[in-house]
1. Please determine, in degrees from 0 to 90 and to the nearest 10, the orientation of helix 448-458 with respect to the longest principal axis defined by the Cα atoms of the chain, where the helix direction is its Cα long axis.
2. Compute the relative contact order of the chain as a whole-number percentage, counting only Cα pairs closer than 8 Å that sit 6 or more residues apart in sequence.
3. Any number yet on Rg/Rh for the chain, C-alpha, Kirkwood?
4. Is the shape of the stretch 50-142 rounded, prolate or oblate, going by the alpha carbon gyration tensor and its root eigenvalues a ≥ b ≥ c, with a/c under 1.5 for rounded and a/b larger than b/c for prolate?
5. Label-point separation (nm) for Ser285 and Ala19, each offset 7 Å from Cα along Cα-to-Cβ?
6. Could you work out how far helix 312-324 tilts from the main Cα principal axis of the chain, as a 0 to 90 degree angle to the nearest 10?
7. Full-extension gain between Trp380 and Thr119, please, as 0.36 nm times their residue separation minus the C-alpha to C-alpha distance.
8. So if I take the centroid of the Cα atoms in the stretch 121-186 and the same for the stretch 358-434, what is the distance between those two points in Å?
Amino acid sequence: MHSFASPTPDATPVWLVDAGNWEGVKSSIGAAAAAFAEHCGFRPKAGRLQFLPGEGGTLAGVLFGVDEQSAPARDPFAAGKLATSLPEGVYRFANSPQDPDLAALGFLLGLYVYDRFKTTSPAPKPRLVAPDGADKERLERIAAAVAFGRDLVNAPANALGPQALEREAARLAERFGAGVRIVRGEELLAANFPLVHAVGRAAAEEPRIVDFSWGRADAPKVAIVGKGVTFDTGGLDIKPASGMELMKKDMGGAATALTLAQLVMEEGLDLRLRVVIPIVENAISAPAMRPGDVLKSRKGLAVEVGNTDAEGRLILADALAFADEDAPELMFDFATLTGAARVALGPDLPPFYADDDGLAASIAAEAARVRDPVWRMPLWRPYDAMIEGTVGDISNSGSGGGMAGSITAALFLRRFVDKAKAWAHFDVYAWNPKPRAHGPAGGEIQAARALFELLSRRYPRR
Ligand code: BES
Ligand code: ZN
Ligand code: ZN
């Protein structure tokens, strides 16, 4: 499913056609085929698909319209649309895509469907022979890791509660021989994860933290933290129906972290990886935390619960403080943290925050190179005033009335990081509202590919 077809002389050729190469393609397919395509109304426009008939009712080839290299909004994954529009069979690109890796990855990602609960049989899929010059195995590993992450996000909360998400994280760790430690329920108090406990204690399944370490013990330390809220009702400051609808995806940060961890471990990068996933369901029952409660965090800061729906930053506060104790060289966290991030940048462009300009520049560069877009936003210190507590040290909701909501959430997290040499926080959406060339509507993994590239450059396999 996430793999390319073996090369075969029978593969049906697909021509990627734009205004600039249409004349050349016409001469390679021959005058009769070109005349047929034009007769059918084919034009070299992005998204157009034209089948070319062969002898005896066969398919001789396919024309697929793409944007020219210079088009400002050109989608490098456009070829992904072929995965959902071609009939079953084996295909190859007849001419070289502008970026073979991205075109081929677009196709693999475009094959993805979440059909775990469908009782009807899945539609048969086309397969692609990897284009020349594409790094076949690496692309297959990326597609498989993204599919793993998407599956986690797409899983409904009744199928993926805290227990199941713990299992998924632990299974991944065990597959690569990583040492796993899990702390659950009341034990969280003894182990000093009071905020993870407070957020998750009202749910039927216990809150927990999964912590695994992998790699050469004396390699540079990299910590990855992900928000694992398997469902976010909002707690007592309950969300309206419209806001709760998609909240099975509130473990999207955990899914992103696990996707990146899988890539790092499979590639065998030379780093000491630590993955910390706080897992809770933000539910409503008698023991639920209340608005106004003051909680002492792992780090010692007294956190005032201004709003029980700002639960992500609470569990991350303890998880980040914990991962920070190791003084990692690099620390990343991923979280579906705020609605405000979506208001600012929309679903496809997650904001990230980092104080280290060098790190921020490398993240932006890798993101642009592999077309996994992210956008830096400021850890704007003057807004620290907005998250000051009234009776506690710091408030999880603040006094900004929702203004700069993604920034104040990031500033809140920053208070729990100090030993890490560099840290970046990603406020991801983890969801495609609409189908895209490289994936259907539903769970999406953002920023993991970009960071995998960054880590691959800094800590190449030995
Ligand atoms: N999980 C939500 C944030 C969210 C909402 C992400 C919609 C993606 C889509 C988070 O726990 C939350 O509810 N945040 C509140 C914080 C507020 C109460 C300070 C928000 O963003 O409104
Ligand atoms: Zn919430
Ligand atoms: Zn949440």
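1. The angle comes out near 90 degrees.
2. Working: 1046 pairs, mean separation 71.2, N = 462.
Relative contact order comes out at 15 percent.
3. Values: Rg = 23.8 Å, Rh = 23.3 Å.
Result: Rg/Rh = 1.02.
4. Values: a/c = 1.63, a/b = 1.11, b/c = 1.47.
Judged from the Cα gyration tensor, the stretch 50-142 comes out oblate (a/c at least 1.5, b/c at or above a/b).
5. 6.2 nm
6. The helix 312-324 is inclined about 80 degrees to the chain.
7. Values: separation 261, 0.36 × 261 = 93.96 nm, distance 5.01 nm.
Full extension of this stretch gives 88.9 nm more.
8. 26 Å
Throughout, read-outs are computed from the coordinates displayed, never taken from laboratory work. Here the structure is a predicted model, which means the values were calculated and not measured. Don't worry about glycine lacking a Cβ; one is built from the backbone with ideal geometry, like all the others, and counts go over all protein chains shown.
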